[in-house]
Amino acid sequence: MDRELRLLLLSGLALAAFTMPAQAQQAAGAEAATPQVVEPRVKRRDVNPPGLDTENFEAGLFVGTVSIEDFGASVSYGGRIAYHFTEDVFAEATIGTAKAGRTSYEDLSGSAQLLTDSERQFTHYDLAIGWNALPGEVFLGGKRAMPSAVYFTLGAGSTRFAGDDHFTVALGAGLRVLANDWIAVHLDARNLAFESDLLGEDKLTHNLQFTFGLTAFF
Amino acid sequence: MIRSLLTAVLLLGTLHTVAATAASGAGPVVVQDPYLELRSGPGRGFPVFHVVDRGASVDLLRRRTDWIKVRGSDGTEGWVHRSQLERTLTPGGEPVTLPGPSPDARTEHRWEVGLATGGLEGASVVGVQAAWAATPTLHVRADAAHLLGDYSNGWLGTVGVAHVFAPHWRVSPFVGIGGGVLYVEPKATLVQPDDRTDSTAYAGLGLRGYLTNRFLLQAEYRQFVVFTSRDDNEEIDEWTVSFVYFF
């Protein structure tokens, strides 16, 4: 008798346990059918749609000429990497090198050497902020228009020359033309200014660099 | 030299081909604005040359800063500003989200990177800095600087914490403490030509002001105590101005 009662009680409990969620679901269904007055506030996730390639980095190489004050003009080459924060502003790191020639004094005197061979290596780097001041288009013939920008850069860095590192201010202007979506052609002019006491007294030297560069956006 | 240049160019090319194949587009979206303005380049200075109407679908191809290159159903390709695509829908009817700056970014950003310049005891400073915002007011930051002086050159690397008093103000003061390593290389003509590496600690204060929802300008003064191997410690001052991007 006891056992039968217990069985009955247990089966009753089990039945209740099974049917309760079903009732709850029915109730929920009835609620959902009524129109929602308050929209749920779901925070939007900040993600790019998958597969959308973000290309804000730009890296490439350049070659040109640098006029090293008192040492003539030399071939200059190097690399640059930039990150575009907005359509207007970018940051750029540049590194370049050149081999300085001889001063006129060295040429005229014949044998005098102011610098050793390794001291003639002119290596500079700078970190700059750039501003795309004049966006526009470059037209080639009647059918091709390529996006372009004239930009200005202001940077600080260092130049190793004549066995010493010099604090360098790099002021530049350039033209960037996009050949296609990801290749850009640069024409760049920079003034690398630093103080040097190489020829006896301190003076601010201006070293003008003109380069042609190719970069890729990625 | 020429060979290494060629290798670098080839490497760049390969890298990009990989990126390009991966980026065949993000699938179509349906225009919800009255129309989309397609520009010839990624910037507001480029002319609008085509318009896509509401209800049409466009493919998203690539993104550069705030501009997205799209292709219309007739094959026309152009650049559209993020703000117009924010209101497009996927074919499934979900809104498309494209991250961008908002006034909230001033207090809610996680990372800061910056370029700095200034002076340290007569030497010029060229530096980079990065900070992680643990909370809007508490930042963990790291700085590396190249020091270029008349009598010596060197490097300075520090790690520290900074407290920003009111990140929601346009201009806010901050203070910081930290430690690091100072490497000094005197120029050859001096009496003590030996290189020195010393540990150092600093306390600093400064001001930072937002330029936009992405950039801020920071001016800072730091006083360093250099723990030299000599009998007494050395105290040096540094001031810097930095241009910071936050995201």
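The values are calculated or read from the model by the stated rules, or taken from the named source; none is laboratory data. Since we're looking at a predicted model, the values are computed, not measured. Virtual Cβ from ideal backbone geometry, glycine too; neighbours counted across all protein chains shown.
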TODO: With a cut-off of at least 3 residues that are touching a residue at least 60 places away in the same chain (Cβ under 8 Å) and of a type in the set (S, T, Y), name the strands (runs of 3 or more DSSP E) lying wholly within the stretch B:164-247.
DONE: B:234-246
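In the stretch A:98-116, which residues are surrounded by 18 or more Cβ atoms within 10 Å (Cβ to Cβ) and polar (S, T, N, Q)?
At the first step, the residues of the stretch A:98-116 found to be surrounded by 18 or more Cβ atoms within 10 Å (Cβ to Cβ) are A:98, A:100, A:103.
Passing the criteria: only A:T103.
Hey, among the residues in the stretch B:57-85 that are within 11 Å of B:L36 (Cα to Cα) and within 27 Å of the chain's Cα centre (by Cα), which one's farthest from the other protein chains (Cβ to nearest Cβ)?
From the stretch B:57-85, those within 11 Å of B:L36 (Cα to Cα) are B:57-58, B:70, B:72, B:78-85; that's our starting set.
When the remaining residues are screened for being within 27 Å of the chain's Cα centre (by Cα), the result is B:70, B:79-85.
On the way: B:V70: 10, B:W79: 9, B:V80: 12, B:H81: 9, B:R82: 10, B:S83: 13, B:Q84: 15, B:L85: 9 Å.
Going through the qualifying residues, I end up with B:Q84.
Of the residues B:V140, B:V159, B:V96, B:V125, which is free of Cβ contacts under 8 Å to residues at least 24 places away in the same chain, among the β-branched types (V, I, T) and farther than 18 Å from B:R208 by Cα?
Details: B:V140 fails: farther than 18 Å from B:R208 by Cα; B:V96 fails: free of Cβ contacts under 8 Å to residues at least 24 places away in the same chain; B:V125 fails: free of Cβ contacts under 8 Å to residues at least 24 places away in the same chain.
None of the other options fit; the residue is B:V159.
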TODO: Assess whether A:T153 counts as being buried (at least 18 other Cβ atoms within 10 Å of the Cβ), of a type in the set (V, I, T) and free of Cβ contacts under 8 Å to residues at least 60 places away in the same chain.
DONE: no
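Residue-by-condition table, conditions (1) at the interface with chain B (Cβ under 8 Å from one of its Cβ atoms); (2) under 20 Å from A:T211 (Cα atoms); (3) over 25 Å from the mean Cα position of the chain (by Cα):
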| site | (1), (2), (3) |
| --- | --- |
| A:V75 | no, yes, yes |
| A:K99 | no, yes, yes |
| A:L108 | no, no, yes |
| A:Q113 | no, no, yes |
| A:G136 | yes, no, no |
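Results for (1) surrounded by 15 or more Cβ atoms within 10 Å (Cβ to Cβ); (2) of a type in the set (D, E, K, R); (3) over 16 Å from the mean Cα position of the chain (by Cα), shown as yes or no for each residue.
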position: A:A128; (1), (2), (3): yes, no, no
position: A:L175; (1), (2), (3): yes, no, yes
position: A:D202; (1), (2), (3): no, yes, yes
position: A:L208; (1), (2), (3): yes, no, yes
position: A:G213; (1), (2), (3): yes, no, no
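Go through the residues of the stretch B:60-76 one by one and say whether even a single one is exposed (fewer than 13 other Cβ atoms within 10 Å of the Cβ), closer than 21 Å to A:H84 by Cα and either in contact with a His (Cβ under 9 Å, 6 or more places away or on another chain) or in contact (Cβ under 8 Å) with a residue 24 or more places away in the chain (or both). Even if it seems obvious, please write down each step before you answer.
First, the residues of the stretch B:60-76 that are exposed (fewer than 13 other Cβ atoms within 10 Å of the Cβ): B:73-75.
Restricting the remaining residues to those that are closer than 21 Å to A:H84 by Cα gives none.
For the stretch B:60-76, residues exposed (fewer than 13 other Cβ atoms within 10 Å of the Cβ), closer than 21 Å to A:H84 by Cα and either in contact with a His (Cβ under 9 Å, 6 or more places away or on another chain) or in contact (Cβ under 8 Å) with a residue 24 or more places away in the chain (or both): absent.
Here is a yes/no grid of residues against (1) outside the structural domain of B:W111 (by TED's automatic domain parsing); (2) loosely packed, with under 15 Cβ neighbours inside 10 Å; (3) of a type outside the set (D, E):
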residue	(1), (2), (3)
B:G209	no, yes, yes
B:Q218	no, no, yes
B:Q223	no, yes, yes
B:V226	no, no, yes
B:E238	no, no, no
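With the structure loaded, tell me whether B:L98 is at the interface with chain A (Cβ under 7 Å from one of its Cβ atoms) and either of a type in the set (A, V, I, L, M, F, W, C) or outside any loop (DSSP other than H, G, I, E, B) (or both) or whether it fails that test.
On the way: at the interface with chain A (Cβ under 7 Å from one of its Cβ atoms): yes; either of a type in the set (A, V, I, L, M, F, W, C) or outside any loop (DSSP other than H, G, I, E, B) (or both): yes.
In short, yes.
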Task: Selection within the stretch B:131-151 - assigned to a strand (DSSP E or B), surrounded by fewer than 20 Cβ atoms within 10 Å (Cβ to Cβ) and within 13 Å of chain A (Cβ to nearest Cβ) - done: B:A144
TODO: Residue by residue through the stretch A:197-218, note down the ones that are touching a residue at least 40 places away in the same chain (Cβ under 8 Å), within 14 Å of chain B (Cβ to nearest Cβ) and not β-branched (V, I, T).
DONE: A:L198, A:F212, A:G213, A:L214, A:A216, A:F217, A:F218
Task: Top-ranked residue of the stretch B:29-51 - restricted to ones that are touching a residue at least 24 places away in the same chain (Cβ under 8 Å) and more than 31 Å from the chain's Cα centre (by Cα), ranked as surrounded by the most Cβ atoms within 10 Å (Cβ to Cβ) - done: B:V31
Task: Single unsatisfied condition, A:F161 versus (1) surrounded by 20 or more Cβ atoms within 10 Å (Cβ to Cβ); (2) more than 15 Å from A:H124 (Cβ to Cβ) - done: (2)
Task: Boolean, A:T159 is touching a residue at least 24 places away in the same chain (Cβ under 8 Å), more than 11 Å from chain B (Cβ to nearest Cβ) and in a strand (DSSP E or B) - done: no
- [ ] Please name all residue pairs, on different chains or six or more residues apart, with Cβ atoms under 6 Å, provided the first residue is in the stretch A:54-69 and is more than 10 Å from chain B (Cβ to nearest Cβ) and the second residue is in a strand (DSSP E or B) and of a type in the set (V, I, T).
- [x] A:F62/A:T211; A:G64/A:T211; A:E69/A:T205
